[in-house]
Amino acid sequence: MLTASELEQLVGEHQAMVARLLVRLLGTQEGVQDLAQECFLRLFRGLEGFRGEAQVRTYLYRIVVNVAHDARRQRAQQQRRTVSLSEPLDAVADQDGFCWEDRLAHGGANAEQQLQEREFQQAVEAAMAQLSEPERAVLVLYHQEEQSYQEIAAALALPINTVRTHLHRARSRLRGLLQVEGKGVRV
Amino acid sequence: MSELEDQHAKQDEAQLTRALGRRPSVTLPAGFAARVAAASLAATPPRSVRPARRHPGFGVTVAVAAMVLLLALMVRFAVGASGTLPIYAELTLCTEFLCLLGGLLYLRVFTA
């Protein structure tokens with residue numbers, strides 16, 4: 001059994017990944033801290049059978065996807081029961097702390113370009129919310145977390161060909177949704 | 001498709017890929033890891049070194065005692081039997097009873 005310091009180290013190593021994955025899968029930062037804690041609790045409960053960093057990470061990906069799925073379903077039920085006062089994704093995206101960091105350098109992009117990029121990013125996030133859960137999970141794991149087909153297949157317990165299909169279909173649907181929105185994709 | 005359209009399509013793909021690859025900037029509060037670790041330890045029940053010993057039920061004890069008595073009775077009948085066939089029949093039944101008794105004791109001792 002792991003000690004408190006080992007658990008703390010494990011959380012410290014993975015907390016950023018868990019948080020950003022949850023934000024991306026849910027489309028909001030609301031309740032992410034509690035959900036991240038739930039992810040780690042589930043991880044620790046099933047940790048004994050796992051050996052090696054790669055397997056823990058893969059297992060954690062699956063847990064995060066499941067926790068996000070549960071949270072979405074719970075929120076949908078709450079929204080059906082009560083009148084929703086939650087803000088739309090665009091409004092949430094403008095809140096402090098919910099920004100996007102570029103891993104690619106913006107070589108002297110002017111304000112207009114940055115604004116366009118930001119609008120496009122928001123449109124992509126809104127479009128992603130309309131994808132099915134497996135499609136969104138595959139898309140996020142592939143692009144954001146840079147996982148291979150094999151790793152995604154292992155994390156989501158799906159055949160590799162299904163992962164490929166989800167990824168291809170998700171990108172096609174995203175392109176279609178963005179074209180309807182008139183964002184980014186030249187029409 | 002013309003060369004210009006092809007170029008635009010590539011640019012769009014690159015833009016989409018870039019947008020999908022961007023990571024949301026999320027900051028968890030300081031001490032989050034320590035809090036989660038403490039909560040996990042608190043949520044995990046302490047594990048006992050040995051599993052608790054299960055006491056056999058009253059019915060099992062009565063059944064074993066009854067089988068032992070029946071076995072003794074059958075041995076007695078086997079000793080007192082006159083013909084060859086009844087002796088073998090009694091001994092066969094005794095052996096079966098012994099096997100059953102052994103099986104029951106094995107279950108009680110090793111799977112409790």
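Quick notes
- Label point of residue A:114 set 7 angstrom out along Cα-Cβ; within segment B:1-35, no amide nitrogen lies under 16 Å from it.
- A simple spin-label model places pseudo-atoms 7 Å from Cα toward Cβ; at residue B:4 and residue B:109 they are separated by 9.3 nm.
- Cβ-Cβ FRET estimate between residue A:66 and residue B:14, R0 fixed at 25 Å, reported to 0.05: 0.20
- A simple rule links phi to the HN-Hα coupling: the Karplus curve 6.51 cos²θ - 1.76 cosθ + 1.60 with θ = phi - 60°, which for segment A:163-173 gives 4, 4, 4, 4, 5, 4, 5, 4, 5, 4, 5 Hz, with x for Gly and Pro.
FYI, it's all coordinate maths here, none of it is from the lab. All values derive from a computational prediction rather than experimental measurement. Heads up, the Cβs are rebuilt from the backbone with ideal geometry, glycines too, and the neighbour counts pull from every protein chain shown.
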